[in-house]
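Okay, structure first, notes after.
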Amino acid sequence: MPTYQAPRGMRDLLPEEAAGFDRLFAVVMARARRYGYPRIVTPIAEDREVFLRTSGQSSDTAGKEMYDVSLHGQAGLGLRPEGTAPVARAYLEHGLHRAPQPVRFSYWDPMFRGQRPQKLRYRQFWQWGLECFGAPEPSADVEIIEFTAGLLAEVGLTDHVLKLNTIGGAESREKVKAALTEYFTKYRDELDEDSKERLRTSVLRIVDSKDPRTREIAAGAPKVSDLISDDDRAHFVAVSDGLDRLGIRYEVDPRKVRGLDYYTRTVFEFVLTDPEYTQAGEISVAGGGRYDGLVRTMGGPDVPGVGVAGGVDVLYFALKTQGVKVDESVNADVYVLSGDPDDGADRIQLATPLREAGFRVAIDYSKRSLDKQLESALKHGAKVAVIRGTEESRGGKVIVRDLVAKEQRVTRLAAVVVEVGRHVPKWPKPRLIDEPGAAGETPFLADPRD
RNA sequence: GAGACGCUGGUGUAAUGGCAGCACAACGGGUUGUGGACCCGUUUGUAGCGGUUCGAAACCGCUGCGUCUCCCCA
């Protein structure tokens, strides 16, 4: 073990894995754009109150699990444990509640929670998410869920199930809480310790308890669906009908509640079903719901909202478990070699036009024998070697050798780009300025995989 | 945050109180220079700190990190 290690619960993404994340990023964010959810980037830290006010005091996530950020003793900031509250804060701060509604955002950012690390549960982890403000309609809930189902299908994740529930709107929730509190208080002495505590802090969660006896008791508890208002019920029916019509399968799970206090009405989770992930309870790959009171909680107007957040790390590993190829080769396709031990700058000069053309080109800097340089290029995964400084490659000529086919040709320097192009692909170059004549065609950054 | 179990070169492992070894990888050289082979050689480790002991990778304590069960949750 090295002297220094990454901080607990945080990890390095080595190039292959980072490339895999990049691919997921491209897929998720391109889909978000297609749905009209442009990306927003918020700071990595916020005033701790942003999370404490919105998530609720019963939530560890925004409480004891939040990283403090301080500068010269001035505290008060926390590393973001989730994405919705910062986006809501930005929505309010920039007066976007007065922009045409609804206002939609997507994000992809690292989150931080000071929990004890376990499989697929890191202290720094990545989340993608969608938020829609100002749309009270059930269609917004349905679209968010349809987006997620479509995304999982698009990336090839099959082993999952959608669980759906409603916990009622703000008024109904008061009724629900009161009824559940009354019910569970009768059994107070039989509840497990955690649930006794929840009796005070978040009754809803008792329904979700893992303790066997508590579960028995919870089985007889009043049903949330019987306590909510007619409007809430109508909303839920509209959401389920919408999903039915779109052919999206789901299970209604009356025990499904969510950890963060700001949720109202619709809550849902996409849960992994591969045995690898089901031993230890449920692991969800994405989850979300409606949060109609959130903006108001933050001191803004009464704006409804609905959103979803997904764990990138979870998605990544679930895909790998399923055998989906996520990682991308990060090798250079072309290696520049030379028999001349002292021509470092010439090797770079040789690589330049190839790189400009879009090939991935690495250089052997050494003065080793050509033999060893070739072997090294092969071990680095190169498909083509471009060789200078040998007998054959005198006078403005180079050798282009296909390392796979084990064939080579001597070619003029001016033709090297063409010759290399016969063996390996060019990769698209992102451009900051549109090429002449392309005006209006691609107003956004091009998807590199197009 | 609580409990349990773990931690030996880059990777995988051996050594159960008595010389830290092996394989792969990496690096260098050779095979008189266009290849992953082969040959020779080199580098790198007991997670950290302390204790017990003539002697510790091993036993004890603290810390760090990981995995599992809770908690919480993506």
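All of the numbers you see were taken from the coordinates with simple rules; none came from a lab. Owing to the predicted nature of the structure, the values given are computational and were not obtained by experimental measurement. Here Cβ is always computed from backbone atoms with ideal geometry, including for glycine, and neighbour counts include all displayed protein chains.
Taking other Cβ atoms within 10 Å as a rough exposure proxy, A:ARG258, A:ARG249 sort from fewest to most as A:ARG249, A:ARG258. Over chain A, Cα pairs under 8 Å with separation of 6+ residues give a relative contact order of 15 percent.
Taking Lys and Arg as +1 and Asp and Glu as -1, the other residues whose beta-carbon sits under 13 Å from that of A:GLY299 total -1. For region A:11-46 versus region A:59-110, the spacing of their alpha-carbon centroids is 18 Å.
Of the complete DSSP H runs in chain A, those spanning 18 angstrom or more by Cα along the long axis with a mean Kyte-Doolittle score not below -1.0 are A:15-34, A:138-155, A:170-186, A:230-245, A:344-357.
Using the Cβ of A:LYS397 as centre and a radius below 12 Å, the other residues enclosed give a net charge of +1, where K and R count +1 and D and E count -1.
At q = 0.09, 0.13, 0.16 Å⁻¹, what log₁₀ I(q)/I(0) does a Debye calculation on the Cα points of region A:3-153 give, no solvent, two decimals? Per q value, in the given order, log10 I(q)/I(0) is -0.34, -0.71, -1.05.
Given region A:236-331, what whole percent of its Cα pairs are spread farther than 22 Å? Cα-Cα pairs of region A:236-331 separated by over 22 Å account for 45 percent.
Overall size of chain A from C-alpha positions, given as principal axis extents largest first: 93, 55, 51 Å. Cross-link partners of A:LYS379 among lysines, defined as those whose alpha carbon lies under 29 angstrom from its own and excluding same-chain residues fewer than eight positions apart: A:LYS320, A:LYS325, A:LYS367, A:LYS397, A:LYS406, A:LYS426, A:LYS429. Once C-alpha pairs closer than 8 Å and six or more residues apart are averaged by separation and normalised to the residue number of region A:238-289, the relative contact order reads 30 percent. Under 5 Å between amide hydrogens, built in the peptide plane, is the criterion, and for A:ASP261 it picks out A:GLY56 among residues at least 5 positions away or on other chains. Cα centroid separation, region A:256-310 to region A:155-186: 10 Å.
Going Cα to Cα from A:LYS196, which lysines come in below 27 Å? Please leave out same-chain ones fewer than 8 positions away. Within reach: A:LYS64, A:LYS163, A:LYS175, A:LYS177, A:LYS186, A:LYS210, A:LYS223, A:LYS256. Counting charges near A:GLU171 (Lys, Arg +1; Asp, Glu -1) among other residues having Cβ under 10 Å from its Cβ returns a value of -1.
Computed over chain A, the per-residue total of -39500 (n - 2.57) for DSSP H runs of n ≥ 4 gives a 222 nm mean residue ellipticity of -10500 deg cm²/dmol, rounded to 500.
When A:ASP141, A:ASP274, A:ASP12 are arranged by Cβ crowding within 10 Å, least crowded first, meaning fewest neighbours, the order is A:ASP12, A:ASP274, A:ASP141. Going by a ≥ b ≥ c, the root eigenvalues of the Cα gyration tensor, does region A:147-197 fall in the rounded group (a/c under 1.5), the prolate group (a/b larger than b/c) or the oblate group? In terms of gyration-tensor shape, oblate.
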